[in-house]
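Right, one structure below, let's go through it.
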Amino acid sequence: MQRMDAGMDLLHSSGVELVQYLQMNYKDSQSWFTFISLAADLRNTFFVFFPIWFHLCEAVGVKLIWVAVIGDWLNLIFKWFLFGQRPYWWVHETEFYANSSLPVVQQFPITCETGPGSPSGHAMGSAGVWHVMVTALLTFGLQKKQPILQKWCLHVLLWTMFWMIQVCVCASRVFLAAHFPHQVFFGVISGLIVAEVFGRIDTIYNVKFKQYLKITLSLFSFALGFYLLLKVLGVDLLWSVEKAQRWCARAEWVHIDSTPFAGLVRNMGALFGLGLALNTPIYVESCKEKRSQQFSFRLSCIVASLLTLHLFDSVKPPNQTEFLFYFLSFCKNAAVPLAAVVFVPYCVSQIVNREEKEKLL
């Protein structure tokens, strides 16, 4: 056990050295690293990528939600099992630097994540989501008869872009002192595995609402049951929240929406909302008719969805009471697929129908 602790201390200390190196040599890139971390947040999958891809290709949109939700749920379970540290609090609590001065690790407004550190949720989510999108682009691009050289160039271009994005996400999480290098690496590998698995599961495209409901309840019940079981056994899986509150440079940088249960209810809401949306009569009427195959209709739905969801995202649930915050967060994220899949296409369809009737008169 002591050897294992010593090995982890060496791994963490080398990670802190990389954090310091990035912060010292790339301090002028702080805004870039902050932007990358914000862009890699999983909420952008729900509020940006999902509505775009769903109206371009329904199957890709559905897969995005499944990969994002299941991947983030697994990320939570991994974090609860692994008890991973984060650089910004580890340097203050470790005894590794007992005979020397503590390394200076700078914090930023988005550094103080409250969940355990391993694996990185940003890296895992980014790898899974971008893998889905890149493979979809390759599928569309390779449908046309092209010379082998063009196909090869397309593969190289898209996968080079994919890995550049993952490197930027990993570097940003390390720069911000939110993760150690081995945690972002583990996150990328885990995200790729989740995406690859769901690339081979076709049943997700024909799931009925009852099955969506059962899966949502099962995932939530397992996570909550696991937490309560260990709580009874004397293990508090929310140990990292106290560390974040103690060692974060500013109290206002610790947000309730970064807690483990906040991510859980957000994902369960999105999955529940998708199941409800795909099994409503309005969806069948508005999205299965011939007009939905027209690019102008799809483009109108994309623009309207992005605007509507931007308004949704600007409304933040009150955080004075945790239960109320979690409940409203669930409802908010359940409304995202409902708006993009049902409400917006129905409204666009009604507007187009009215314009066609006016033209006939």
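Annotations for the structure displayed:
- Remark: accessible surface ordering of S300, S305 (largest first) is S300, S305, probe radius 1.4 Å.
- Computed lengthening from E93 to E196, 0.36 nm per intervening residue step minus Cα-Cα distance: 33.3 nm
- Using R0 = 51 Å, the C-beta based FRET efficiency linking Q146 and L82 works out to 0.70.
- Each Lys or Arg adds one and each Asp or Glu subtracts one; over the other residues with Cβ under 13 Å from the Cβ of S37, this totals 0.
- Label-point separation, E285 to C347 (7 Å along Cα→Cβ), nm: 1.7
- A straight line joining the Cα centroids of the stretch 13-60 and the stretch 156-228 runs 14 Å.
- Value of Rg to Rh for the stretch 307-356, rounded to two decimals, is 1.18; Kirkwood radius and Rg both from alpha-carbon coordinates.
- Fully extending the segment from K210 to L102 would add 33.5 nm, taking 0.36 nm per residue of separation and subtracting the current Cα-Cα distance.
- Among the trypsin sites (Lys or Arg not before Pro) within the stretch 250-288, those in coil by DSSP and having at most 16 neighbouring Cβ atoms inside 10 Å are R250, K288.
- The label-point distance for N25 and R246, in a model that sets each label 7 Å from Cα toward Cβ, rounds to 3.3 nm.
- Debye intensity ratio I(q)/I(0), log10, the stretch 59-103, q values 0.19, 0.26, 0.28 Å⁻¹ (C-alpha model): -0.70, -0.88, -0.93
- Put simply, the amide H of F96, placed in the peptide plane, has no neighbours under 5 Å, leaving out anything fewer than 5 places away on its chain.
- Tail weight of P(r) past 21 Å, computed on alpha-carbon pairs of the stretch 132-224, percent: 56
- A convex hull fitted to the Cα coordinates of the stretch 209-267 yields 65 cubic angstrom per residue.
- Kirkwood hydrodynamic radius of the stretch 168-220, from inverse mean 1/r over distinct Cα pairs, in Å: 13.6
- Computed over the stretch 171-295, Kirkwood Rh from alpha-carbon pairs, angstrom: 18.4
- Accessible surface of the stretch 48-175, 1.4 Å probe, proportion on carbon and sulfur as whole %: 69
- Relative to its residue count, the stretch 88-183 spans a Cα convex hull of 112 Å³ per residue.
- Quarter of Cα convex hull surface for the chain, i.e. mean projection, nm²: 22.5
- Placing +1 on the Cβ of every Lys and Arg and -1 on the Cβ of every Asp and Glu, with no other charges, gives the chain a dipole of roughly 1100 debye about its Cα centre.
- Heavy-atom accessible surface of the stretch 208-361: percent carbon and sulfur, 1.4 Å: 66
- Once the 1.4 Å probe is applied to the protein heavy atoms, the stretch 174-249 comes out at 54 Å² accessible per residue.
- Working ranking of peptides 337-349, 228-240 by packing, defined as the average number of other Cβ atoms within 10 Å per residue, highest first, is 337-349, 228-240.
- GNM result for the chain, Cα springs below 10 Å: residue of E95, E196, E58 fluctuating most strongly: E95
The values are calculated or read from the model by the stated rules, or taken from the named source; none is laboratory data. Just so it is clear, the model here is predicted, and its values are computed rather than measured. Don't worry about glycine lacking a Cβ; one is built from the backbone with ideal geometry, like all the others, and counts go over all protein chains shown. These area figures cover heavy atoms from the full protein model, side chains too; ligands, DNA and RNA do not enter into them. Shrake-Rupley method; radii C 1.70, N 1.55, O 1.52, S 1.80 Å.
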